[in-house]
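Peer 1: Next up is a structure, given as structure tokens.
The values are calculated or read from the model by the stated rules, or taken from the named source; none is laboratory data. Bear in mind that the values here come from a model prediction, so they are computed numbers and not experimental data. Cβ: placed from backbone, ideal geometry, glycine included. Neighbour counts: every protein chain shown. Side chains are part of the model used for accessible areas, which takes the heavy atoms of the whole protein and leaves out ligands, DNA and RNA. Shrake-Rupley method; radii C 1.70, N 1.55, O 1.52, S 1.80 Å.
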Amino acid sequence: MTASETLTLSEIEDLAFRALVNAGTSEQNARPLAVATAMTEADGVASHGLAYIPIYAQHVECGKVDGQAIPVLAQPRPAVVTVDAATGFAHTAIDMGFEKLIPLAKEMGVAVLAVNNSYNCGVLGVHTQRLAQAGLMGIGFTNAPASIAPSGGAKPVVGTNPFSISAPDKDGNAALLIDQSASTIAKSEVMKHAREGKEVPLGWVLDADGAPTTDPEAGLKGSMVPSGDYKGVGIALTVELMAAAMTGATLGSVASPFSGTAGGPPKTGQFFIAIDPAATSGGVFQEKLTALLASFRQQDGARLPGDGRRACRRRAAEEGVAVNAALLEKIRALI
């Protein structure tokens with residue numbers, strides 16, 4: 001059994017914050033990333049949580065991400081907010097953008113945020129969930145370095161490119177959270193298996209020749225399997241249009257990897273749409289949402305997207321989170 005240590009969410013946030021600052025990240029940039037790291041661990045998505053802190057620290061030190069970056073916000077149209085992340089962490093740029101986006105969406109009924117020149121934004125649902133908590137329907141897109149090949153091809157041209165939709169309930173929570181990548185599994189899960197020397201299930205990755213493999217290293221040199229075959233490629237392409245073409249960010253086909261030290265800043269992008277349901281539904285949004293969710297809940301054993309994360313979040317708040325001891329040792333060595 002793998003050795004682990006249980007930490008509270010505040011301890012996770014503090015650990016991430018100190019490691020990032022010590023690596024050369026400003027406190028203003030480290031805090032939102034540390035908060036998101038704790039939220040991600042609480043949601044049970046360990047592959048995107050503390051496991052990324054050594055990578056983030058390495059990327060600050062080698063210049064793949066500018067830990068001291070100061071994002072630049074603009075409002076080119078009445079309902080459009082843009083943020084140039086200045087090759088810094090996406091979290092700071094998104095925070096800055098949301099401060100303007102949320103009140104703007106409530107005023108206009110709908111508003112969008114385009115972020116470019118940014119870096120890995122972690123779990124996309126962490127961000128759309130915040131829009132739902134503000135009473136808005138949150139829709140998010142983020143592109144990533146190429147890892148999915150087109151149907152009939154073997155060379156990756158688009159990333160795993162997640163999209164996320166978060167719907168608000170009447171009490172300031174996310175009633176529904178959809179957060180999925182265009183691949184069968186998130187690439188970070190394959191990276192996690194590679195670090196741990198474990199095989200991956202068949203159907204996760206293809207090798208460089210396009211053949212199925214259980215070797216995570218071969219898969220990382222090849223391509224990710226798209227979710228639903230050509231439909232997953234369509235999702236990845238849709239996200240690429242929204243998060244790269246619509247923001248002016250770097251296309252995944254030429255963006256540097258989110259892993260390793262080669263290639264300089266990836267300069268990828270994020271795009272968010274925030275909608276006030278009161279402006280579009282004639283006042284019946286909550287009624288329709290309640291009925292929709294009930295159609296799932298009334299079936300024994302049926303689950304909704306986000307149920308697993310919600311259960312993990314409750315458990316983490318009460319019991320803390322078990323973190324791999326070797327990973328903790330690695331992070332503490334950074335402080």
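Peer 1: On the basis of being open to solvent by less than 40 Å² (accessible area, probe 1.4 Å), under 21 Å from the mean Cα position of the chain (by Cα) and touching a residue at least 24 places away in the same chain (Cβ under 8 Å), does VAL233 make the cut? Working first, answer last.
Peer 2: On the way: open to solvent by less than 40 Å² (accessible area, probe 1.4 Å): yes; under 21 Å from the mean Cα position of the chain (by Cα): yes; touching a residue at least 24 places away in the same chain (Cβ under 8 Å): yes.
Answer is yes for this residue.
Peer 1: With the condition kept exactly as written, say whether any residue in the stretch 205-228 is within 15 Å of LYS155 (Cβ to Cβ), at pLDDT 95 or above and surrounded by fewer than 17 Cβ atoms within 10 Å (Cβ to Cβ).
Peer 2: No - not one qualifying residue is present in the stretch 205-228.
Peer 1: Sort through ASP95, ASP84 and tell me the only one that's touching a Pro at 6+ places or on another chain (Cβ under 8 Å), surrounded by fewer than 24 Cβ atoms within 10 Å (Cβ to Cβ) and in contact (Cβ under 8 Å) with a residue 40 or more places away in the chain. Full working, then the answer.
Peer 2: Details: ASP84 fails: in contact (Cβ under 8 Å) with a residue 40 or more places away in the chain.
Just one listed residue meets the conditions, ASP95.
Peer 1: Name the single residue, out of those in the stretch 60-75 being touching a strand residue (DSSP E or B) at 6+ places or on another chain (Cβ under 6 Å) and open to solvent by 40 Å² or more (accessible area, probe 1.4 Å), that is farthest from GLY260 (Cα to Cα).
Peer 2: Of all residues in the stretch 60-75, those touching a strand residue (DSSP E or B) at 6+ places or on another chain (Cβ under 6 Å) come to 71-75.
Of the ones still in play, those that are also open to solvent by 40 Å² or more (accessible area, probe 1.4 Å) are 72-75.
On the way: VAL72: 27, LEU73: 29, ALA74: 32, GLN75: 35 Å.
Within the stretch 60-75, the match that is farthest from GLY260 (Cα to Cα) is GLN75.
Peer 1: State whether one or more residues within the stretch 320-333 are small (Gly, Ala, Ser), in a helix (DSSP H, G or I) and closer than 19 Å to PHE17 by Cα.
Peer 2: Here is the first cut: in the stretch 320-333, the residues small (Gly, Ala, Ser) are 320, 322, 325-326, 333.
If we keep only those that are in a helix (DSSP H, G or I) too, we end up with 325-326.
From what's left, closer than 19 Å to PHE17 by Cα: 325-326.
The answer is yes, given that some residue of the stretch 320-333 is small (Gly, Ala, Ser), in a helix (DSSP H, G or I) and closer than 19 Å to PHE17 by Cα.
Peer 1: Need the failing condition index for LYS170 against (1) over 25 Å from ASP307 (Cα atoms); (2) open to solvent by 40 Å² or more (accessible area, probe 1.4 Å); (3) in contact with a Gly (Cβ under 9 Å, 6 or more places away or on another chain), just the number.
Peer 2: Of (1) over 25 Å from ASP307 (Cα atoms); (2) open to solvent by 40 Å² or more (accessible area, probe 1.4 Å); (3) in contact with a Gly (Cβ under 9 Å, 6 or more places away or on another chain), only one is false for LYS170: (1).
Peer 1: Given (1) in contact with a strand residue (DSSP E or B) (Cβ under 7 Å, 6 or more places away or on another chain); (2) more than 29 Å from PRO212 (Cα to Cα), where does VAL126 come up short, assuming only one miss?
Peer 2: (1) is the only condition that VAL126 fails.
Peer 1: Could you list, in sequence order, the residues of the stretch 304-327 that are on the phi > 0 side of the Ramachandran plot and either without any contact (Cβ under 8 Å) to a residue 24 or more places away in the chain or within 20 Å of the chain's Cα centre (by Cα) (or both)? Please lay out each step first, then the result.
Peer 2: Just the residues of the stretch 304-327 that are on the phi > 0 side of the Ramachandran plot, to begin with: 306, 320.
GLY306 - this is the single residue of the stretch 304-327 that is on the phi > 0 side of the Ramachandran plot and either without any contact (Cβ under 8 Å) to a residue 24 or more places away in the chain or within 20 Å of the chain's Cα centre (by Cα) (or both).
Peer 1: Criterion first (open to solvent by 40 Å² or more (accessible area, probe 1.4 Å), out of contact with any His (no Cβ under 8 Å at 6 or more places or on another chain), of a type in the set (A, V, I, L, M) and part of a strand (DSSP E or B)) does ALA262 satisfy it?
Peer 2: Numbers: open to solvent by 40 Å² or more (accessible area, probe 1.4 Å): yes; out of contact with any His (no Cβ under 8 Å at 6 or more places or on another chain): yes; of a type in the set (A, V, I, L, M): yes; part of a strand (DSSP E or B): no.
No, not satisfied.
Peer 1: Same structure again: Scan the stretch 294-335 for residues that are open to solvent by less than 70 Å² (accessible area, probe 1.4 Å), hydrophobic (A, V, I, L, M, F, W, C) and farther than 25 Å from LEU15 by Cα and report the count.
Peer 2: Total satisfying the criteria: 3.
Peer 1: May I ask you to list pairs of residues, at least six apart or on different chains, whose Cβ atoms are under 9 Å apart, with the first in the stretch 267-295 being under 20 Å from THR128 (Cα atoms) and the second being in a strand (DSSP E or B) and of a type in the set (Phe, Trp, Tyr)?
Peer 2: GLY269/PHE141; GLN270/PHE141; PHE271/PHE141; PHE272/PHE141; ILE273/PHE141
Peer 1: Scan the stretch 114-125 residue by residue and report those that are touching a helix residue (DSSP H, G or I) at 6+ places or on another chain (Cβ under 8 Å) and open to solvent by 10 Å² or more (accessible area, probe 1.4 Å). Before you say what the answer is, go through the steps one by one.
Peer 2: Step one: list which residues in the stretch 114-125 are touching a helix residue (DSSP H, G or I) at 6+ places or on another chain (Cβ under 8 Å), which gives 115, 118-123, 125.
Scanning the stretch 114-125 gives ASN120, GLY122, VAL123.
Peer 1: For the stretch 275-282, does any single residue satisfy the condition of being modelled with pLDDT of 95 or more, out of contact with any helix residue (DSSP H, G or I) (no Cβ under 9 Å at 6 or more places or on another chain), of a type outside the set (S, T, N, Q) and under 29 Å from HIS91 (Cα atoms)?
Peer 2: The answer is no; no qualifying residue exists.
Peer 1: Only one of SER47, SER4 is in contact with a strand residue (DSSP E or B) (Cβ under 6 Å, 6 or more places away or on another chain), of a type outside the set (Phe, Trp, Tyr), surrounded by fewer than 21 Cβ atoms within 10 Å (Cβ to Cβ) and at pLDDT below 95; which? Can you show your working first?
Peer 2: Details: SER47 fails: in contact with a strand residue (DSSP E or B) (Cβ under 6 Å, 6 or more places away or on another chain).
Testing whether each residue is in contact with a strand residue (DSSP E or B) (Cβ under 6 Å, 6 or more places away or on another chain), of a type outside the set (Phe, Trp, Tyr), surrounded by fewer than 21 Cβ atoms within 10 Å (Cβ to Cβ) and at pLDDT below 95 leaves just SER4.
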